[in-house]
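Down below is the structure, laid out as structure tokens.
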Amino acid sequence: MNLMVIGGGGREHAIIKKLRENPDVESIYALPGNGGMAKDAECVNIGAKDIPAIVEFAKTHPVDFAVVAPDNPLVLGCVDELQKLGIPCFGPEAKAAIIEGSKAFSKDLMKQYGIPTAKYETFTEMDKALQYLDTQSAPIVVKADGLALGKGVIIAETIDDAKQAVQDMMAGGKFGKSGECVVIEEFLTGPEVSVLAFTDGNVVKPMVSSMDHKRALDGDKGLNTGGMGTVAPNPYYTDEVAQRCMEEIFLPTIRAMNAENRTFRGCLYFGLMITPDGPKVIEYNCRFGDPETQVVLPLLESDLLTIMQATANGTLADVDVKFRDEHACCVVVASEGYPLKYDKGFPMTLPETGADTEIYIAGAKLDDAGTLLTNGGRVLGAVARAETLEGAIEKAYDLAAKVQFENAYYRKDIGQRALAAKA
Ligand code: AMP
Ligand code: GLY
């Protein structure tokens, strides 16, 4: 089989390596991929948001199955367009991807179908949003409605800060169209858990849970990033919590999407907070998370392509989704200065990986001489699995320490919160 994977980060590298384990896979095109995955896929210089070019490529190349990984092409209807060509796809159609594409939509869905989430109000007029804030107390959360690269969420410590955030989004155009509508919601507390789940619209099969580390600096300080590291499973996701999530959140969400005629097929990401009142949804994503995928897929025992095909054709109930009874840790090695200003273009030296370690490349390119150069903020994920969480953390850090490029930076405390929670 010939596959096409849309996207070009660490998540896509993890997906591609896992898909390669299936002996039926002959070739994989990555659009655009990146220089660091050139050994695992044929990288094609077409951007993930360029739907017409993706469609043209798919028309002129043998593609038996497509995986659309990032949020933007999903929300823009990439799956819809590829399906029109008769190409089966992993990923939701645009009408279902809206669950991530519009926070106003997802909040209204949860309210209507009684799915636990933070209380909220939605505003399209700035004056009304500012007036509403006068009636609220801090801390309070302000969110841009649309996609904002994970940066559209402001946790305001004071009402004045919240008003500033509303003005930045609605008048300042800070997030473009994404900020024309804002959601203002109650501040929740409790540990966060990420659960990625396969669904074909009939059944939902959750993957092993994980814990992201979103802040740039040790001790969860500094700016929010796309994610600086992950561990799986997440110790806060006990069997009891998992059961509640299935009954109160996962199944009701799938049913709600069906009832709205927006059947979701693909990977639905539940960003959860385990509050004193039980698990609540912080956000939905219509795709695999990154770097969550980099710890979840190495623990997957079952065949990824078989599962992905089953989500596309509605037979997920018949397919095994089994995970190893092990732990995994991903340490993101970034360019110093990320998520703000950083230099790139430095040659990289990578360590060898073994049976239980992986390097997933996110931001790299090959120069004309074939040297791999850094080319992004998050450069790679150093990933290891082991029988214990301690073991996985230690091995991932051993691997990260052997990665060399000039301005390499990584957090030193990935997994420490999880370890403390287990103790
Ligand atoms: P998001 O981009 O929606 O994942 O939000 C980024 C982060 O903001 C989340 O991972 C949470 O840590 C935090 N956050 C979002 N909404 C809330 C909320 N209602 N209460 C507390 N923290 C929140
Ligand atoms: N790591 C969070 C996300 O993928 O949105």
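Taken across the stretch 214-224, residues that are within 16 Å of ligand 2 (Cβ to nearest atom), touching an Asp or Glu at 6+ places or on another chain (Cβ under 6 Å), at pLDDT 95 or above and in a strand (DSSP E or B) do not occur at all.
Considering the stretch 236-250, and only residues there that are of a type in the set (A, V, I, L, M, F, W, C) and more than 16 Å from ligand 1 (Cβ to nearest atom), the residue that is surrounded by the most Cβ atoms within 10 Å (Cβ to Cβ) turns out to be Cys245.
Just to verify a result, which residue in the stretch 199-213, among those that are closer than 17 Å to Thr293 by Cα and not in a strand (DSSP E or B), is nearest to ligand 2 (Cβ to nearest atom)?
Residue satisfying both the conditions and the ranking: His213.
Number of residues in the stretch 146-160 that are surrounded by 16 or more Cβ atoms within 10 Å (Cβ to Cβ) and more than 16 Å from ligand 2 (Cβ to nearest atom): the value is 3.
Across the stretch 1-15, the qualifying residues are those that are over 16 Å from Leu74 (Cβ atoms) and surrounded by 24 or more Cβ atoms within 10 Å (Cβ to Cβ), and the one among them that is farthest from ligand 2 (Cβ to nearest atom) is Leu3. The single condition from (1) of a type in the set (Asp, Glu); (2) out of contact with any Ser or Thr (no Cβ under 6 Å at 6 or more places or on another chain); (3) under 22 Å from Asp320 (Cα atoms) that Asp200 fails is (2).
For Arg378, the test of being in contact with a helix residue (DSSP H, G or I) (Cβ under 9 Å, 6 or more places away or on another chain), among the basic types (Lys, Arg), touching a residue at least 60 places away in the same chain (Cβ under 8 Å) and closer than 25 Å to Val44 by Cβ is passed.
Selection within the stretch 251-268: residues that are under 27 Å from Ile184 (Cβ atoms) and buried (at least 23 other Cβ atoms within 10 Å of the Cβ). The member of this set that is farthest from ligand 2 (Cβ to nearest atom) is Met257. Among the conditions (1) among the hydrophobic types (A, V, I, L, M, F, W, C); (2) within 23 Å of the chain's Cα centre (by Cα); (3) not in a helix (DSSP H, G or I), the only one that Leu82 does not satisfy is (3). Comparison of Leu297, Leu272 shows that the only residue that is of a type in the set (A, V, I, L, M), within 16 Å of ligand 1 (Cβ to nearest atom) and crowded, with 22+ Cβ neighbours inside 10 Å is Leu272.
Name the residue that is nearest to Leu316 (Cα to Cα), counting only residues in the stretch 59-84 that are touching a helix residue (DSSP H, G or I) at 6+ places or on another chain (Cβ under 6 Å) and surrounded by fewer than 24 Cβ atoms within 10 Å (Cβ to Cβ). Applying the filter and picking the extreme gives Asp80. Of the listed requirements (1) aromatic (Phe, Trp, Tyr); (2) in contact (Cβ under 8 Å) with a residue 60 or more places away in the chain; (3) farther than 17 Å from Val141 by Cβ, Phe250 misses just one: (2). The requirement of being in a strand (DSSP E or B) and more than 16 Å from ligand 2 (Cβ to nearest atom) is not satisfied by Val231.
Evaluate the stretch 241-251: report whether one residue or more is β-branched (Val, Ile, Thr) and modelled with pLDDT under 95.
Taking every residue of the stretch 241-251 in turn, none turns out to be β-branched (Val, Ile, Thr) and modelled with pLDDT under 95.
Can you say whether Leu196 is within 16 Å of ligand 2 (Cβ to nearest atom), in contact (Cβ under 8 Å) with a residue 12 or more places away in the chain and crowded, with 17+ Cβ neighbours inside 10 Å, as far as the supplied structure shows? Against the criterion (within 16 Å of ligand 2 (Cβ to nearest atom), in contact (Cβ under 8 Å) with a residue 12 or more places away in the chain and crowded, with 17+ Cβ neighbours inside 10 Å), Leu196 qualifies.
Going through (1) under 13 Å from the mean Cα position of the chain (by Cα); (2) over 29 Å from Gly77 (Cβ atoms) one by one, Pro291 falls short only on (2).
For Val55, state whether it is surrounded by fewer than 20 Cβ atoms within 10 Å (Cβ to Cβ), touching a residue at least 12 places away in the same chain (Cβ under 8 Å) and among the β-branched types (Val, Ile, Thr). Here the answer is yes, as Val55 does meet what is asked.
Name the single residue, out of those in the stretch 199-226 being crowded, with 22+ Cβ neighbours inside 10 Å, under 21 Å from Lys280 (Cα atoms) and not β-branched (Val, Ile, Thr), that is farthest from ligand 1 (Cβ to nearest atom). Result: Met207. Counting the residues of the stretch 281-302 that are assigned to a loop (DSSP other than H, G, I, E, B) and out of contact with any Leu (no Cβ under 9 Å at 6 or more places or on another chain) gives 4.
Residues that are assigned to a loop (DSSP other than H, G, I, E, B) and within 21 Å of the chain's Cα centre (by Cα) were ranked within the stretch 90-114; the one that is surrounded by the most Cβ atoms within 10 Å (Cβ to Cβ) is Pro92. Pro139 meets each of the listed conditions (1) out of contact with any helix residue (DSSP H, G or I) (no Cβ under 7 Å at 6 or more places or on another chain); (2) at pLDDT 95 or above; (3) within 22 Å of Ile249 (Cβ to Cβ) apart from (3). When Thr124 is tested against (1) more than 10 Å from ligand 1 (Cβ to nearest atom); (2) under 22 Å from the mean Cα position of the chain (by Cα), just one condition goes unmet, and that condition is (2).
The values are calculated or read from the model by the stated rules, or taken from the named source; none is laboratory data. A quick note: this is a predicted structure, and the numbers were derived from the prediction, not measured. All Cβ positions, even for glycine, are placed from backbone atoms using ideal geometry, and neighbour counts span all protein chains on display.
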